[in-house]
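Q: Can you read through this structure? Questions will come right after.
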Amino acid sequence: MSMVTMEFDPRKLARREVLDLPVYSPGKSPEQVAREYGIADCVKMASNENPLGPSPKAVEAMARSLSTVNLYPDPVCTQLREAIAGKLGLGPENVLVGHGADEVFDLLAYAFLERGDEVVLGDPTFSSYELAALTMGARVIRVPLRDYRQDVESMANAVGPHCKAVFLCSPHNPTGTLVEEEELVYLLNRVVGNCLVVLDEAYIEYVEEDFFWDSLKYLEENPNLLIARTFSKVYGLAGLRVGYAICSPSVREILEKVKLPFNVNRIAQVAALAALEDEQHVLRSREANKKGKRQVCAVLDELGLEYVPSHANFILVKDPGWGDLSERLLRQGVIVRDGTALGVPGHVRITIGDEAQNERLIAALRRSAGEGS
Ligand SMILES: Cc1ncc(COP(=O)(O)O)c(C=O)c1O
């Protein structure tokens, strides 16, 4: 038998825009830090997860459903969509459930973007919007933040005839700042014609009452508005991957066409449904975050460390010229996200933890400050 040697080069098959994609760089895992630094009990305060864990009711619901995984899930998440819509005072035709909010951004890109199109987003902002757009060959127009806030006026000015979507994030990742109501209204008024306005509210449940305003009321008059939310943050289900889009039925119908039939698994659907109903867990999580954030901010103030006042479950802290704040914390087993990977060099993003994690962070901050510059 003769051997045929094939010269196979997948790079020659791949689309050019795919080859050009930046590789997502996740933060260090506790296992990695344990190995590299010889610290067994690291705490991870880097991915904006809920330190209280999932709702116990969601855990029970998952346990009850385990023996049904021989069956395919409901392809359109009927019960979950009804529950989400009911809670928001909308109809299920306004809701599309995705494999995380990340999938919603991907679906938007698959459905609406191609080479020659443009999207406008903040610089920096959450990385998934850009990745989704670049994958489809769209051009990404980055509009620098101003004072850590998205500059909606400059974003509106950047919208040209080829722009298909403007992405806003509120609370914004990685700064924690809010888009104000008048800013959304301004953008909606400026973005006319066939262009989507995407408002990512992954952290909206953490916004305190005095600052909260309701974006949903703008949906009816603005069929180009799409709001993205998730079960990954306050609901504590990041590992299950459930997020959703709230939008006009006409947008939802198009997104439905490009999603995989069974994009949200059975266990994730029942867990999200139970989590949605467990208002106590949401309240507990919000309260713990508020308390923890206050405690951490008090210590940052005391140590003279500058930070951006945050409406989310993380804080962006400025490195006071040491140049290695994330490394100093890492050496003490506290894993935070270095700002360089997030587009804000000279900063670290710290997720608020549970009481023990916050204490650990505070001790590490104090020791880091003691080391001086
Ligand atoms: C602003 C923002 N949007 C969306 C997501 C992703 O949400 P999901 O886990 O639902 O994909 C994150 C995750 O960190 C985020 O920070």
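The values are calculated or read from the model by the stated rules, or taken from the named source; none is laboratory data. Please read all numbers here as calculations on a predicted model, not as lab measurements. Neighbour counts run over all protein chains shown; Cβ positions are idealised from the backbone, glycine included. These accessible areas exclude ligands, DNA and RNA; they are computed on the full protein's heavy atoms, side chains included. Shrake-Rupley method; radii C 1.70, N 1.55, O 1.52, S 1.80 Å.
Q: Being modelled with pLDDT under 95, among the β-branched types (Val, Ile, Thr), assigned by TED's automatic domain parsing to the domain that holds ALA138 and over 20 Å from LYS233 (Cβ atoms) is true for just one of VAL185, VAL192. Which residue is that?
A: After applying the criteria, what remains is VAL192.
Q: Regarding the range 85-96, can at least one residue be identified that is within 18 Å of the chain's Cα centre (by Cα) and not assigned by TED's automatic domain parsing to the domain that holds PRO161?
A: No, the conditions are met nowhere in the range 85-96.
Q: For the range 255-308, what are the residues that are small (Gly, Ala, Ser) and under 17 Å from ARG81 (Cβ atoms)? Explain how you work it out, then say what you get.
A: We begin by selecting, within the range 255-308, every residue small (Gly, Ala, Ser); these are 268, 271-272, 274-275, 285, 288, 292, 298, 304.
Scanning the range 255-308 gives ALA268, ALA271, ALA272, ALA274, ALA275.
Q: Here is a check on your reading of the model: is SER47 in the same structural domain as HIS347 (by TED's automatic domain parsing), at pLDDT below 90 and either open to solvent by less than 60 Å² (accessible area, probe 1.4 Å) or within 16 Å of the ligand (Cβ to nearest atom) (or both)?
A: So SER47 fails the test.
Q: How many residues does the range 162-220 hold that are within 16 Å of the ligand (Cβ to nearest atom) and among the acidic types (Asp, Glu)?
A: 3
Q: If I filter the range 306-328 for residues that are surrounded by 21 or more Cβ atoms within 10 Å (Cβ to Cβ) and farther than 21 Å from THR175 by Cβ, do I get at least one hit?
A: no
Yes or no, residue by residue, for (1) assigned to a loop (DSSP other than H, G, I, E, B); (2) in contact with a helix residue (DSSP H, G or I) (Cβ under 8 Å, 6 or more places away or on another chain); (3) within 14 Å of the ligand (Cβ to nearest atom):
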site: GLU36; (1), (2), (3): no, no, no
site: ILE39; (1), (2), (3): yes, yes, no
site: LEU52; (1), (2), (3): yes, yes, no
site: ALA58; (1), (2), (3): no, yes, no
site: ALA61; (1), (2), (3): no, yes, no
site: GLU82; (1), (2), (3): no, yes, no
site: ALA85; (1), (2), (3): no, yes, no
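Q: On to the next question. Could you identify the single residue in VAL207, VAL191 that is surrounded by fewer than 23 Cβ atoms within 10 Å (Cβ to Cβ), more than 13 Å from the chain's Cα centre (by Cα) and under 24 Å from GLU93 (Cβ atoms)?
A: Criteria check complete, one pass: VAL191.
Q: If the Cβ limit is 6 Å and pairs must be 6+ apart or interchain, which residue in the range 146-167 that is assigned by TED's automatic domain parsing to the domain that holds GLU130 pairs with which residue that is among the aromatic types (Phe, Trp, Tyr) and open to solvent by less than 100 Å² (accessible area, probe 1.4 Å)?
A: Filtered contacts from the range 146-167: VAL152/TYR186; LYS164/PHE112; PHE167/TYR129.
Q: Ok, one more. Looking at the range 77-87, which of its residues are surrounded by 15 or more Cβ atoms within 10 Å (Cβ to Cβ) and of a type in the set (Lys, Arg)?
A: ARG81
Matching residues to (1) open to solvent by 50 Å² or more (accessible area, probe 1.4 Å); (2) of a type in the set (D, E, K, R); (3) at positive phi:
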site: ALA61; (1), (2), (3): no, no, no
site: LEU71; (1), (2), (3): yes, no, no
site: PRO75; (1), (2), (3): yes, no, no
site: GLY89; (1), (2), (3): yes, no, yes
site: PRO92; (1), (2), (3): no, no, no
site: ASP106; (1), (2), (3): yes, yes, no
site: ALA111; (1), (2), (3): no, no, no
site: ARG115; (1), (2), (3): yes, yes, no
site: GLU130; (1), (2), (3): no, yes, no
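Q: For the range 226-276, which residues satisfy the criterion of being open to solvent by less than 30 Å² (accessible area, probe 1.4 Å), away from the ligand (no atom under 15 Å from the Cβ) and assigned to a loop (DSSP other than H, G, I, E, B)?
A: Residues satisfying the conditions are CYS247, SER248.
Q: Kindly indicate whether VAL334 is among the hydrophobic types (A, V, I, L, M, F, W, C) and either closer than 20 Å to CYS169 by Cβ or within 19 Å of the chain's Cα centre (by Cα) (or both). Give the derivation first.
A: Numbers: among the hydrophobic types (A, V, I, L, M, F, W, C): yes; either closer than 20 Å to CYS169 by Cβ or within 19 Å of the chain's Cα centre (by Cα) (or both): no.
For VAL334, the condition - among the hydrophobic types (A, V, I, L, M, F, W, C) and either closer than 20 Å to CYS169 by Cβ or within 19 Å of the chain's Cα centre (by Cα) (or both) - is not met.
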